[in-house]
Amino acid sequence: MNTALKLPIYLDYQATTPVDPRVLEAMLPYFRENFGNAASRSHAFGWRAEEAVENAREQVAAAIGATGKEIIFTSGSTEAINLALKGVAEMYASKGKHLVTSLAEHKAVLDTCKHLEKLGCEVTYLKPDKSARISPEQVRAAIRPDTVLVALMWANNEVGTLNPIREIGAVCREKGTLLFSDATQAVGKVSVDVERDHVDLLCLSAHKLYGPKGVGALYVRRKNPRVRLAAQIDGGGHERGMRSGTLNVPGIVGLGQACELARTELAEESARCRALRDHLQQRIEKELGFVELNGHPSERLPGNLNLSFHFVEGESLIMGISDVAVSSGSACTSASLEPSHVLRAMDVGEDLAHSSIRFGIGRFTTREEVDYAAEAVVKAVRRLREMSPLYELAQEGVDLKTIQWQGNH
Amino acid sequence: MAYSDKVLDHYNNPRNVGALDKTSPRVGTGVVGAPECGDVMKLQIEVEGDRIVDAKFKTFGCGSAIASSSLATEWLKGRTLNEAATIRNTAIVEELSLPPVKIHCSVLAEDAIKAAIADYKQKQAEDEAPHPTARRA
């Protein structure tokens, strides 16, 4: 097929995804004729909305091997993370005040942990290995008698590395500690099963799997063990009292439909994304030297490719490929001027953290788009290296590590 | 982040990219920044008498850092050393419409100018005997 490429090309699927047309189609009636409040028990408008919500609950549950009663709808993963961590810490305060997490977690987890520390909790931040992984042995060594929760992500949002959740889950089960996993990047991309993998709480977000923004879910185990949570949003007692607030019915219907598609198409889609990702990586590495893969070489998300290009700063590279939408772990893309905390935790080196680019491949990515992106990257890296004093020094045979740099900030 | 047209222009068509002979007594070289901070600028000036006749740069850094150093080389050419020493980062900020988060790029460019001038002056001082090229100028 020789269709003209539509620019710009979207290769940032770990940031968000477009709503699948089939998802949108399922949602639309719930903005229009089926606009009822799912909590209205006295008329057909409410019953229809409630039926749609319960159907979506089953769809979400099926995607992660849970049952419908274990699904709490939220506004997204950040809220679900807040509810899980604060809800467990509050509910189990009499058992202990210790949590275990990792330095490579999303800010939603890290900032919630910081908040809990202010309230008197103690948090152990495990240091990941160079590929961003946490080992079951690290978790075992960190769990104490007063540990109430281990919080570790399924898949890392920046470098795509998968944690060995099943093995970590087994350790937590043996030790009698609850395990929460942020599976925002994992659901719909890799196989997730809360029973098989011994997970007690898990969050997911619709907009990372071709659903709408502003809706997500928290899985809360009901059996072996039954997990209890202290609600963080009080009100009308929706979601069995764990999350009050009128349900976002169209969003929930969209999340359910997105999970249904993710579940039924997972195998085919992940194989397709992996092939495109490998193709992109091979094309870039064939044409450019001094390229490093960030993250685990095999245990990673099929649609994620995080590369560092030596001697080239990430933001300037993004500028050079302006019709390809990607993101960078470089400081300059954020207001903080700090490079990615994930790459720092992995010890990839601050210079390489500044040189990193995350490519995210997804459901609607084509081979033509990947080829275009590869060409654009190669061209821009070559141009910027010609402009780079670091490349010049390396060409002269100078080891950059031996230079006394004068940092100005 | 949206870039100003001038930043985009310098990024897409950088002026005076390249290198001068750093061993020449007429060339002053300034290298500032650090790879760990995400920006390194190398700025070089070639001087005849007290006037800068050529300037070159190479920069590892974001688009604003590249634009700041490119602009600096443009401004340096034809100026005397004393005039060059008065270039302030605020003028670069203004010319390129840099947002607050990018002001450090202009500071780095000013530092690079100062470092290049200092390097040139040091070379001259070390070379107390009148230099053939200096005499000719």
Review point. Hey, B:Trp75 hits all of (1) in a strand (DSSP E or B); (2) more than 14 Å from chain A (Cβ to nearest Cβ) but one; which does it fall short on?
Key: (1)
Practice item. Could you identify the single residue in A:Thr101, A:Thr147, A:Thr124 that is under 27 Å from A:His207 (Cα atoms) and either acidic (Asp, Glu) or at pLDDT 95 or above (or both)? Key: A:Thr101
Exercise for review: Pick out the one residue from B:Lys22, B:Lys58 that is within 11 Å of another protein chain (Cβ to nearest Cβ), assigned to a loop (DSSP other than H, G, I, E, B) and of a type in the set (Lys, Arg).
Suggested key: B:Lys22
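B:Glu95: away from every other protein chain (no Cβ under 14 Å), in contact (Cβ under 8 Å) with a residue 40 or more places away in the chain and either among the basic types (Lys, Arg) or not in a loop (DSSP other than H, G, I, E, B) (or both), yes or no?
On the way: away from every other protein chain (no Cβ under 14 Å): yes; in contact (Cβ under 8 Å) with a residue 40 or more places away in the chain: yes; either among the basic types (Lys, Arg) or not in a loop (DSSP other than H, G, I, E, B) (or both): yes.
Answer is yes for this residue.
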Review point. So A:Arg385 clears everything in (1) in contact (Cβ under 8 Å) with a residue 24 or more places away in the chain; (2) more than 12 Å from chain B (Cβ to nearest Cβ) except one condition, right? Which one?
Key: (2)
Review point. Part of a helix (DSSP H, G or I), surrounded by fewer than 23 Cβ atoms within 10 Å (Cβ to Cβ) and of a type in the set (Phe, Trp, Tyr) - does that describe any residue in the range A:361-381?
Key: yes
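Quick check on this structure: which one of A:Glu396, A:Glu313 is within 12 Å of chain B (Cβ to nearest Cβ), among the acidic types (Asp, Glu) and surrounded by 19 or more Cβ atoms within 10 Å (Cβ to Cβ)?
Values: A:Glu396 fails: surrounded by 19 or more Cβ atoms within 10 Å (Cβ to Cβ).
After ruling out the rest, the residue left standing is A:Glu313.
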Review point. Hey, any hits in the range A:340-348 for a residue that's within 22 Å of B:Lys102 (Cα to Cα) and facing another protein chain (nearest Cβ under 9 Å)?
Key: no
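Is it the case, given these coordinates, that A:Lys130 is farther than 28 Å from A:Ala258 by Cα and in contact (Cβ under 8 Å) with a residue 40 or more places away in the chain? Lay out the reasoning, then the answer.
Numbers: farther than 28 Å from A:Ala258 by Cα: yes; in contact (Cβ under 8 Å) with a residue 40 or more places away in the chain: yes.
Yes; evaluated as a whole, the condition is true for this residue.
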Study note, to complete from the structure: All conditions in (1) facing chain A (nearest Cβ under 10 Å); (2) out of contact with any strand residue (DSSP E or B) (no Cβ under 9 Å at 6 or more places or on another chain); (3) closer than 24 Å to A:Arg382 by Cβ are true of B:Asp9 except (1)
Exercise for review: Output the number of residues of the range A:61-88 satisfying the condition of being in a helix (DSSP H, G or I) and touching a Ser or Thr at 6+ places or on another chain (Cβ under 9 Å).
Suggested key: 10
Review point. Among the candidates A:Gly68, A:Gly87, which residue alone is under 19 Å from A:Arg222 (Cβ atoms), surrounded by fewer than 17 Cβ atoms within 10 Å (Cβ to Cβ) and in contact (Cβ under 8 Å) with a residue 12 or more places away in the chain?
Key: A:Gly68
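The values are calculated or read from the model by the stated rules, or taken from the named source; none is laboratory data. Given the structure is predicted, the values throughout are model-derived calculations rather than measurements. Virtual Cβ from ideal backbone geometry, glycine too; neighbours counted across all protein chains shown.
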